[in-house]
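Data block below; observations after.
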2 protein chains.
Amino acid sequence: LNSFIINNKDTFFSNATRSRIVYHVLQRTKYENGISKVGICKLINNGAYEAAFPPHEERILRNYQNISNKNNRHLLYERWARWGMWYKHQPLDLIRRYFGEKIGLYFAWLGWYTGMLIPAAIVGLCVFFYGLFTMNGSQVSQEICAAAEVFMCPLCDKNCSLQRLNDSCIYAKVTYLFDNGGTVFFAIFMAIWATVFLEFWKRRRSILTYAWDLIEWEEEEETLRPQFEAKYYTVERVNPITGKPEPHQPFSDKITRLLISVSGIFFMISLVITAVFAVVVYRLVVMEQFASFKWSFIKQHWQFATSAAGVCINFVIIMMLNVAYEKIAYLLTNLEYPRTESEWENSFALKMFLFQFVNLNSSIFYIAFFLGRFVGHPGNYNKLFNRWRLEECHPSGCLIDLCLQMGVIMFLKQIWNNFMELGYPLIQNWWSRHKIKRGIQDASLPQWENDWNLQPMNIHGLMDEYLEMVLQFGFTTIFVAAFPLAPLLALLNNIIEIRLDAYKFVTQWRRPLPARATDIGIWYGILEGIGILAVITNAFVIAITSDYIPRLVYEYKYGPCADRFTYICLKGYVNNSLSFFDLSELGIGKSGYCRYRDYRGPPWSSKPYEFTLQYWHILAARLAFIIVFEHLVFGIKSFIAFLIPDVPQDLYDRIRREKYLVQEMMYEAELEHL
Amino acid sequence: LNSFIINNKDTFFSNATRSRIVYHVLQRTKYENGISKVGICKLINNGAYEAAFPPHEERILRNYQNISNKNNRHLLYERWARWGMWYKHQPLDLIRRYFGEKIGLYFAWLGWYTGMLIPAAIVGLCVFFYGLFTMNGSQVSQEICAAAEVFMCPLCDKNCSLQRLNDSCIYAKVTYLFDNGGTVFFAIFMAIWATVFLEFWKRRRSILTYAWDLIEWEEEEETLRPQFEAKYYTVERVNPITGKPEPHQPFSDKITRLLISVSGIFFMISLVITAVFAVVVYRLVVMEQFASFKWSFIKQHWQFATSAAGVCINFVIIMMLNVAYEKIAYLLTNLEYPRTESEWENSFALKMFLFQFVNLNSSIFYIAFFLGRFVGHPGNYNKLFNRWRLEECHPSGCLIDLCLQMGVIMFLKQIWNNFMELGYPLIQNWWSRHKIKRGIQDASLPQWENDWNLQPMNIHGLMDEYLEMVLQFGFTTIFVAAFPLAPLLALLNNIIEIRLDAYKFVTQWRRPLPARATDIGIWYGILEGIGILAVITNAFVIAITSDYIPRLVYEYKYGPCADRFTYICLKGYVNNSLSFFDLSELGIGKSGYCRYRDYRGPPWSSKPYEFTLQYWHILAARLAFIIVFEHLVFGIKSFIAFLIPDVPQDLYDRIRREKYLVQEMMYEAELEHL
C-alpha cells in the first residue's frame, strides 16, 4: 500500500475525495495496529521512504488547445493562477476538487475578504480625497502657516533653537489629511464594515458547506502525534471516546510544560516591548544629533528624519524578531507535547498570532497613546533616566507620526511577505532543480519525480496564510482612524496575494494531502476579537490622539461661535491651544515667551503652569466622546449582527425541506408499522 | 378519535410521551386533510366540544400510605408541590414525565436561577451589613450630622425655609448604607455573577437535554393558525418546505400590520413615559403642599413623604398600565395575524417584555439619571413650564431616592404577582366549583369532569412565568449598585414561587398538553441583553448617581491627604462639596449665605455661579470611571464566558463516544462491503 501511494500515477488521485479515503485507511491501519505502529508515517520517520505525497496531475503543457483534454491542474492554472485572471471570481469548486475542502475554504475566505475590501478601500479613498480637497480651506493649518511671529519652545535641550510655528506648516497640512471630520465617520464605517464582513462570511460559509456536502460532517477522532506516543508510552489510560488504552500525559507534567511555554511567550513579548523602548530611547538620543546635523536639509527636517529612521529601524527589528520567534514558537510547541496534530497546530497558531500581533502593533500603540503625553512642561520636563527629555509631538498633533508608522510598516510588510511567499519557493525550486541537474520541463519523468523537486507544503499548513491575512485585517481596522488608506493597501496586496497563492499551490508546491474543514477554525474568533478591539482603539485614537475633540470644545465653548454666530468657528484655535512659557526662567539669557502644546496657566496667572479649566473641560469631553462612540458603535454592531441571519433564507428553507421529507418518510413508515 | 381524547381515562395519558404521540397524530390528521380542515381544534372552534385536554392522573388522596400505589401526580404533590419541600431539589425527571420537556425545562431553569441567587443574596447581605456596621464611622455622615451652623438653600420657592444641614443627618446615614466602597465591589460581583449564571445554565441545559434525549430532536414544521388560514385563504403559495400550497400573507399586508402594531407599542411606551412625567410633576406640585402641611411630622419629613407617596402612585400606575397593556398586546398580536402558534407566542412575548420592562424601569431610570441634574442653581433655577422648580436631591445624594423606588416597586410587585398567581386561580376554582355545586372531593366523578372544573392553563403558556422571572432578573442586576438587597428579595420570592407554581400546576390547572423544547427560547437572549445592560447602568449609577467619585477626587486631590498623609482623608468633604449662594440676591430681605449641592464659584469669585475647575475635574473622573469600569467588567465577563465550556467535559466525551461508535460501525460495514 505504501509504495502504491508514491508510485501510482495521477489516475488514482484525480480527485480529492478518493485520495482522502486512502488517507483515512492509512490512518486507521496505523491506529489499529496499536503500539506496534506500522504504516507510512513510521516508514518515513525511519527513513525507509523520503516522502509520501499525492502526485499532481500531469504537468502543464502550454500547447493544449482542446479544452476537453485539459486536466484539473491545467484548468486551475489557466483559470485561476494567472495574473490575467485577477479581476475574476475564483473557480472554488475546482479548487475544492483538486486540493480538498480545507484549502478551498481558505481561498473562498480570502476571495470574500478581498471583495469586501473594495467598498472599504473606496470609502477610505473618498475620505482621503475629502481631506486633500478641503486641506487649503482648513482654518487650523491656515493659522499655523500664517503664524510667523509665534515661537515654539525648543524641542530639545541643547541644539534646538526656537522654531517659528509656521515652520511646521507642511506637517499641519498633512495632519489635516488624516485628522478631519471624515475620520470619525470612517472609523464608524469600518467598525460596521468589519461586522458586516464577518456576518456575511457566515452566510457565505453556510452556502459553501451545504454545496460541498459538509453540513453533517464531523471531525473524526484524531490519532496521537508520534512524538506524544513515544514520550508517554509508559503511562497509559483508557481514552473515554475510543475506549482503548493510549499513552497519557500526567497533569502535573502538562502544567509544567504549559507554564514553561507561557513564560517563553511572555519573555519574547517583553523582548518586543524592550525593543520598542529601545527605539524610543534611540529617537531621543538621535534627535539631538539630527538637530545639530551639518547637512541643512536634515537639520531643517530633523523631526521627520528622526521619525523615518525610527520607523525603519523598528521595521527591521520587527522582521528579525519574527524570524527568531518562529523558531522559538516551534520549539515551545514541541516542548508542550500536544496530543494530536490539530492541537499542535492550534497551539502554534495561537503563539504565532499573539506574538506577531504584539510585535507589529506595539510600536503603533506607543505612538498612538503614549508619545508626547508625559513630557511635563517647559522648565519642568520629565526626563527618562533623569537624562533624556521625552519626545514631544508636532504643534499639529501626534497623528502624523502614527500615520507614518502605520503606512511604512504595512507597506514594507506586504512587500516582504509577497517576496517570501513567492520568491523564496521559486528560488528553492530553482536550486533543487539545479542541484539534481534536471529541468522541470522533463516530460519523460514520471509525475511523482517531477513533484519530488517541488517544495513540500509548509509544515504549518494554511496557518501562515491565515496569520498574514488576520494581521492585515488588524491593520485595516484597528488604527484605521489614523490611516484611512489602509484598506486600499490591503486590497491591492490581496489581489496580488490570491494569484500568488494560486500560482504557488498549483506549480510550486507538492500537492498537499486533502483535508476537510467546515470553517476557518480559531481565526474566526480572532477576527471577531480584532473587530471589537478596533472599536475601542479607534475611539481612543479619535478622542485622545487626534485634535478632533479640542477643536470641537473650542468651537462650541471657547471660540467666537460660543457667543454669536459666525462661519469661522475655529478662528483663534491655534493660539488658544498653545500655552505660554517665560523664556527667562531657563536662565540662558533669553527673554520673552515661547509657546508649547498644552492647556496650562500662563506664567503671569495665579497658578502658573497648572492645568487650566479648559484642560479639564477638554479631558471630560474626550472621555465623554469615548463613551458615546463605543456605546453607539457597539450598539450598531450588535444590531446588525442580530439583523443578518447566519444562513440565507432559501438555503435554510432547503435544509428544512430535506429534514421535513425525512420526517415525512419516518412517519409513513411508523404508520405502516402500526 | 376526538371523543377518545376527552373520554379516555388516565391510563392512556399516564405518560407524557404517549399523549404527545396522539397530539402529533391529531395535528397531522388536521394537516393532511388540507383545506377542508377537520379535527379537534375545528370542533372546539365550532362549539361542538367545549374543551379538549389530557386529564390529570387520579386525584390526590391524602390517605395513601403505600408508596407503590402512588401515581405520578400524587408523587409530584408530595415531593414537590408542598411548602415543606422548599429546601429540596425538584424532582425534574418526574416533572418532565408528567408535564413534558417544555415545562420541565422551565422548572429546571427556575430552580437553577434560585440556587444561583443564594451566593448573590449572601454577598449582598454582607455588603449591606458592612454598610450598617461602618455607618457610624463614616466621615461624611458625621460631618453632616455635626453641621448645625450650615444652612441649606430652600428646596422650594414659597413655603420652604432654610434648613440646617444636620436636619438630613438620618438620610446621610441611610445613604451611606448603600453608597460605600462595597457597592462598587458588589456591582462588579453581580456582573460576573450574571455571566456565570448564564454560562453554567448552558452546561446544565446540555446535561438535561442529553438526559431527556433531546440532543437530536428538531422542531417539526408547525401548522398554520386557524385565524391565519381563515383570513388569507384566497391567496395561496407553495410552502418551500412542505411543498404544498397554503394560504399566504401578502408582503404589503404584513408590513402594514407590523407598522400598526409597532406604533401601538410606541404609543403605549410613550404613555408610560407620560405617566412617569406626570408623577414628576405631581411631586413638584405636592412638594410645596407637604412643606406647608399642618401635621408637623409630615412637615418635617416632607421630602420623604413626597417620595414615598410618589413611589406608591407610581406603583399603582404601573400595575394599571400593565393590566391595560396585556389586553392591547393581545389585540395587537392578533392584528398581526402571525402564521403559526409559536410566531404568535414570540410576538406576544416580545411585546409584553418590551412594555413591562419600560413600564417597571422608566421611573427608576428617571431617578437614577435625571433627578436633580438639571435644576440650575439658586437665583437661576430651571423651571418646568416656567412654573415649577425641578426637584433637587438630598444633601447626601440622590441614591436614597433610587433605593426607595427600587425597594418599594420590587417588594410590592412580588407580593402582587404571588397573589395573582395563586390567589386568583384558587378563587376562580372555588367559584366554578361553587357554581356547579359539586365538591372537588367527589371521587365518584370521572377524572375529566373533575379536571373540567379546573382553570385551563393560561393561553400564554409559560410566557407569564418566564416574563416575571426575567423582569425580576432585571431588578436584581440592573440597579444592583443602588440596592444590594435585591438578590435577597428575589431569592425569598423564588423559593415561594417554585412551590406556588408547583402547587398550581399539580392541583389548580388542567394538565397542559405536553410539548418538547430544548431551551428556554428567546428568554436566553433577553437575559444576556439584561446582563450587558446591567454593566452599563451600574457603571453610570456608581459614576453619576452616587457620590463615590467626588469623594475619591476630594480624597486624592483636594482633601488633606493630597498634600500629606493622614487617616481622615475625607475631612472637610461636605463643606467642599457645597457651593455658596448669597441670600441677599433673592431680594426677600434675608442676608448671609446659604449652601447648595454643586461645584460652582462662590458669589465673591471672579465668575460667580460658573462651574469651578473642581467640577470639570470630577466630571472627567466620573467619565474615566465609566470607561475603566465597563472595559474591566466586560473584559472579565467575556473571559469567563470563554473559559467555561458550554458542555461539561464528561458529557462531551460521552457524546463523542456515541458518535465514534457509530462511525466505527459504518467503517466496518464499508470494509465488509469492499
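The values are calculated or read from the model by the stated rules, or taken from the named source; none is laboratory data. Please read all numbers here as calculations on a predicted model, not as lab measurements. Positions of Cβ are backbone-derived with ideal geometry, glycine not excepted, and every protein chain shown enters the neighbour counts.
Here are a few things to note about the model shown:
- Flag for A:Ala620 being aliphatic (A, V, I, L, M) and either within 8 Å of another protein chain (Cβ to nearest Cβ) or under 30 Å from A:Arg164 (Cα atoms) (or both): yes
- Condition met for B:Thr234 (of a type in the set (S, T, N, Q) and part of a loop (DSSP other than H, G, I, E, B)): yes
Table: residues versus (1) in the same structural domain as B:Ala481 (by TED's automatic domain parsing); (2) among the aromatic types (Phe, Trp, Tyr).
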| residue | (1), (2) |
| --- | --- |
| B:Ile522 | yes, no |
| B:Gly525 | yes, no |
| B:Ile530 | yes, no |
| B:Phe540 | yes, yes |
| B:Thr545 | yes, no |
| B:Pro550 | yes, no |
| B:Asp563 | no, no |
| B:Ile568 | no, no |
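- Screening segment B:163-222 for residues that are closer than 30 Å to B:Ala482 by Cβ and hydroxyl-bearing (Ser, Thr, Tyr) and picking the one that is surrounded by the most Cβ atoms within 10 Å (Cβ to Cβ) gives B:Thr175.
- Test: residue in segment A:597-614 that is part of a helix (DSSP H, G or I) and under 21 Å from A:Val375 (Cβ atoms): yes
- Only residues that are within 13 Å of chain A (Cβ to nearest Cβ) and within 32 Å of the chain's Cα centre (by Cα) were counted in segment B:224-239, giving 0.
- Any hit, segment A:241-249, residues being of a type in the set (S, T, N, Q) and either touching a His at 6+ places or on another chain (Cβ under 9 Å) or surrounded by 13 or more Cβ atoms within 10 Å (Cβ to Cβ) (or both): yes
- Selection of first residues in segment A:264-281 that are within 19 Å of A:Leu331 (Cα to Cα) and of a type in the set (Gly, Ala, Ser) and of second residues that are assigned to a helix (DSSP H, G or I) and at pLDDT 90 or above, restricted to Cβ pairs under 9 Å at least 6 apart or on distinct chains, gives the following pairs, ordered by first then second residue: A:Gly264/A:Ile328; A:Gly264/A:Ala329; A:Gly264/A:Leu331; A:Gly264/A:Leu332; A:Gly264/A:Leu335; A:Gly264/A:Lys351.
- Positions within segment B:635-667 being at the interface with chain A (Cβ under 9 Å from one of its Cβ atoms) and touching a residue at least 12 places away in the same chain (Cβ under 8 Å), in sequence order: B:Arg654
- Which listed residue, of B:Leu671, B:Leu613, is surrounded by fewer than 14 Cβ atoms within 10 Å (Cβ to Cβ) and either more than 8 Å from chain A (Cβ to nearest Cβ) or free of Cβ contacts under 8 Å to residues at least 60 places away in the same chain (or both): B:Leu671
- Candidate set: segment B:394-414, residues that are surrounded by fewer than 21 Cβ atoms within 10 Å (Cβ to Cβ) and over 14 Å from the mean Cα position of the chain (by Cα); chosen: the one modelled with the highest pLDDT: B:Val408
- In segment A:68-92, the qualifying residues are those that are aromatic (Phe, Trp, Tyr) and surrounded by 17 or more Cβ atoms within 10 Å (Cβ to Cβ), and the one that is modelled with the lowest pLDDT is A:Tyr77.
- Of everything listed in (1) among the small types (Gly, Ala, Ser); (2) surrounded by fewer than 20 Cβ atoms within 10 Å (Cβ to Cβ); (3) not in a loop (DSSP other than H, G, I, E, B), the single unmet condition for A:Ala490 is (2).
- A:Arg654 being closer than 30 Å to A:Tyr176 by Cβ and either at pLDDT 90 or above or buried (at least 17 other Cβ atoms within 10 Å of the Cβ) (or both): no
- Residue, modelled with the lowest pLDDT, within segment B:367-391, restricted to residues that are surrounded by fewer than 22 Cβ atoms within 10 Å (Cβ to Cβ) and charged (D, E, K, R): B:Arg387
- Checking each residue of segment A:323-340 against the condition of being in contact with an Asp or Glu (Cβ under 6 Å, 6 or more places away or on another chain), under 30 Å from B:Glu664 (Cα atoms) and touching a residue at least 40 places away in the same chain (Cβ under 8 Å) gives at least one match.
- Matching helices (runs of 4 or more DSSP H) fully within segment B:247-351 where at least 2 residues are under 30 Å from B:Glu221 (Cα atoms): B:251-291, B:302-335
- All conditions but one from (1) surrounded by 21 or more Cβ atoms within 10 Å (Cβ to Cβ); (2) farther than 15 Å from A:Asp179 by Cβ; (3) under 41 Å from the mean Cα position of the chain (by Cα) apply to A:Asp598; the one that does not is (1).
- Sole exception among (1) free of Cβ contacts under 8 Å to residues at least 12 places away in the same chain; (2) on the phi > 0 side of the Ramachandran plot for A:Gly572, by number: (1)
- Tabulated pairs, segment A:192-216, first farther than 16 Å from A:Trp112 by Cα, second not in a helix (DSSP H, G or I), C-beta under 6 angstrom, 6+ apart or interchain: A:Leu214/A:Thr518
- Residue in segment B:539-559 that is buried (at least 22 other Cβ atoms within 10 Å of the Cβ), more than 14 Å from chain A (Cβ to nearest Cβ), of a type outside the set (Val, Ile, Thr) and free of Cβ contacts under 8 Å to residues at least 24 places away in the same chain present: yes
- Test: residue in segment B:575-593 that is without any contact (Cβ under 8 Å) to a residue 40 or more places away in the chain, within 11 Å of chain A (Cβ to nearest Cβ) and crowded, with 18+ Cβ neighbours inside 10 Å: no
- In segment A:157-176, the residues that are of a type in the set (A, V, I, L, M) form Cβ pairs under 6 Å with partners that are at pLDDT 80 or above and assigned to a strand (DSSP E or B), at six or more places apart or across chains, as follows: A:Leu162/A:Phe151; A:Leu162/A:Cys594; A:Leu165/A:Met152.
- Taking the criterion of being acidic (Asp, Glu) and either surrounded by fewer than 19 Cβ atoms within 10 Å (Cβ to Cβ) or over 18 Å from the mean Cα position of the chain (by Cα) (or both), the residues of segment A:447-487 that qualify are A:Glu449, A:Asp451, A:Asp464.
- A:Ala543 falls short on exactly one of the conditions (1) in contact with a Ser or Thr (Cβ under 7 Å, 6 or more places away or on another chain); (2) modelled with pLDDT of 85 or more, and that condition is (1).
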